[in-house]
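Heads up: the structure comes next, in structure tokens.
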Amino acid sequence: MAKEELIECSSCGEKFPPEEIYYGDEGCPSEGEPICENCLDGDEPIATFYFSGREEEPIFISEYRNDTLNCPDLPFFKVRWISTGGWRGYYEAESDDYEKVHSDCILSFSEDAEELKKFDEAVEKALKELGIPFCKAFCRTSNIFSCGYDLFVEKDSKEKVEGLIKELKEQFRDPYRFYSTALTGKDPKDLDEKDKKFVRGSLFIKLGFSPEQAIKIVNLLDSLKNEGNK
Ligand SMILES: [Zn+2]
């Protein structure tokens with residue numbers, strides 16, 4: 001009798017008899033890859049899905065397991081790894097039935113995350129009132145402090161929902177309003193000239209300029225504006 005051939009686990013690299021090996025589910029980053037029972041036990045979710053009307057019942061996709069396969073009444077989702085260089089990158093969810101209408105990022109413990117939460121609540125309320133089914137996907141990234149936030153709706157409702165999202169984004173995801181308020185503690189209408197310079201300077205620093213360069217740019221823009229007014 002031929003000796004049983006061992007199969008190598010794609011996660012730990014150890015070899016096991018075929019009956020102790022499982023294979024990555026369809027739609028997983030490691031689809032079709034062999035994995036041992038031990039590694040499969042430790043296979044943590046890389047994406048968490050919340051479907052409208054079933055908020056209490058999160059659906060998970062891990063490197064090797066895809067829960068959306070086990071829920072025939074829910075659309076099938078897949079997740080893949082998008083590399084942004086070296087070990088850095090993020091997981092991205094996609095589906096043939098549902099289409100992405102908003103893509104964002106949760107920066108843990110930041111004020112921007114609070115703002116995104118308000119946006120999320122507003123979107124959820126609006127879609128529920130309109131009776132439009134949706135799905136929220138939270139995907140891991142290589143940065144433990146950031147997590148992807150993606151909103152999906154059925155393909156047919158994509159266009160109208162995009163219009164709605166645009167409105168809500170203007171209300172809740174205005175980068176200048178948010179940023180200036182976070183920096184100065186004032187509403188935009190209460191900003192004086194000095195505040196405005198400060199906010200603009202900070203925005204240039206955020207873009208990658210040094211503080212000295214940012215001051216130069218703000219002063220330059222100011223002098224150009226004054227010349228234009230002459
Ligand atoms: Zn293993």
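The values are calculated or read from the model by the stated rules, or taken from the named source; none is laboratory data. Nothing here was measured: the structure is a model prediction, and the numbers come from that model. Every residue, glycine among them, receives a Cβ derived from its backbone with ideal geometry; neighbour counts consider all protein chains shown.
Remarks
- Unique residue being under 25 Å from Glu159 (Cβ atoms) and crowded, with 18+ Cβ neighbours inside 10 Å when the list is Asp67, Asp96, Asp120, Asp43: Asp120
- Flag: Leu207 matches the condition of being out of contact with any His (no Cβ under 6 Å at 6 or more places or on another chain), exposed (fewer than 11 other Cβ atoms within 10 Å of the Cβ) and either modelled with pLDDT of 80 or more or within 22 Å of Glu111 (Cβ to Cβ) (or both).
- Criterion violated by Ser30 - all others in (1) within 16 Å of the ligand (Cβ to nearest atom); (2) surrounded by fewer than 13 Cβ atoms within 10 Å (Cβ to Cβ); (3) part of a loop (DSSP other than H, G, I, E, B) satisfied: (2)
- Residue within region 48-66 that is farther than 21 Å from Val123 by Cα, in contact (Cβ under 8 Å) with a residue 12 or more places away in the chain, out of contact with any Ser or Thr (no Cβ under 8 Å at 6 or more places or on another chain) and not polar (S, T, N, Q) present: yes
- Of all residues in region 39-65 being within 16 Å of the ligand (Cβ to nearest atom) and among the hydrophobic types (A, V, I, L, M, F, W, C), the one that is nearest to Ala93 (Cα to Cα): Leu40
- Within region 11-22, tally of residues that are more than 27 Å from the chain's Cα centre (by Cα), within 25 Å of Phe60 (Cβ to Cβ) and either more than 10 Å from the ligand (Cβ to nearest atom) or among the hydroxyl-bearing types (Ser, Thr, Tyr) (or both): 1
- Here Cys36 meets the list (1) surrounded by fewer than 18 Cβ atoms within 10 Å (Cβ to Cβ); (2) of a type in the set (A, V, I, L, M, F, W, C); (3) within 16 Å of the ligand (Cβ to nearest atom) almost entirely, failing just condition (1).
- Scanning region 40-86 for residues that are part of a loop (DSSP other than H, G, I, E, B) and aromatic (Phe, Trp, Tyr) yields a total of 2.
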